[in-house]
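Novice: What follows is a structure written as structure tokens; I'll ask about it next.
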Amino acid sequence: MLPCPMRLRMVVANDPRSYREVMAGTLRTLRPDVEVILIEPQDLDLQIVGLDPHLVVCSNLTDTVRARSLGWVVLYPDGQSHAMVCIDGTSSTVEDMEFEGLLSVVDRVDRLVNIS
């Protein structure tokens, strides 16, 4: 019998709120097997400890996010037109990241979570 896949747990805590809500709703529709948790950006460090997410999308990277997640995406840091992405310790910068790029990150982290 094959083991059941682990459900990817993802925290979305970026600003502005409307962008965060639309992103989470779209992710839930396109990736129904992903647990998408919305939190306020100012609560990120406090809540991430209990939530133990695999992936975090945020506006400001913190030491807690770096230490407690397999992957993270910082959208448009300091108003810049790029995103910073880290998956399993490998960081990169993505210019003008579109939603399709975020889906790619979600899928890559999901594969890492479910490596047997």
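Every number here is computed from the coordinates shown, using simple stated rules; none is lab data. Since we're looking at a predicted model, the values are computed, not measured. All Cβ positions, glycine included, derive from the backbone under ideal geometry; neighbour counts span all protein chains shown.
Novice: Considering the Cα positions of region 9-111, please state its Rg to one decimal place and its Dmax as a whole number of Å.
Specialist: In Å, with Rg to one decimal and Dmax whole: 12.1, 32.
Novice: Where does each of Glu40, Glu100 land when they are ranked from fewest to most other beta-carbon atoms within 10 angstrom?
Specialist: Starting with the residue having the fewest Cβ neighbours, the order is Glu100, Glu40.
Novice: Give the dimensionless ratio obtained when the Cα radius of gyration of region 1-42 is divided by 2.2 N^0.38 Å.
Specialist: 1.37
Novice: Starting from the Cα-Cα distance between Asp52 and Thr90, subtract it from 0.36 nm times their residue separation and give me the gain in nm to one decimal.
Specialist: Here the segment from Asp52 to Thr90 would lengthen by 11.7 nm.
Novice: In addition: Can you give me the relative contact order of region 9-111 as a percent, contacts being Cα pairs under 8 Å and 6 or more apart?
Specialist: Once divided by the residue count of region 9-111, the mean separation gives 21 percent.
Novice: Next question. What helices in the chain pass both tests, a Cα length along the helix axis of 18 Å or more and a mean Kyte hydropathy of -1.0 or higher, using whole DSSP H runs?
Specialist: Numbers: long enough: 17-30 (20 Å, -0.39); 99-113 (21 Å, 0.69).
Passing helices, by number: 17-30, 99-113.
Novice: Can you give the net charge of the other residues whose Cβ lies under 12 Å from the Cβ of Gln42, counting K and R as +1 and D and E as -1?
Specialist: For residues surrounding Gln42, the net value is -3.
Novice: Sort 75-88, 58-71 for me by packing, meaning the mean count of neighbouring Cβ atoms within 10 Å per residue, highest on top.
Specialist: Averaged packing, sorted descending, gives the order 58-71, 75-88.
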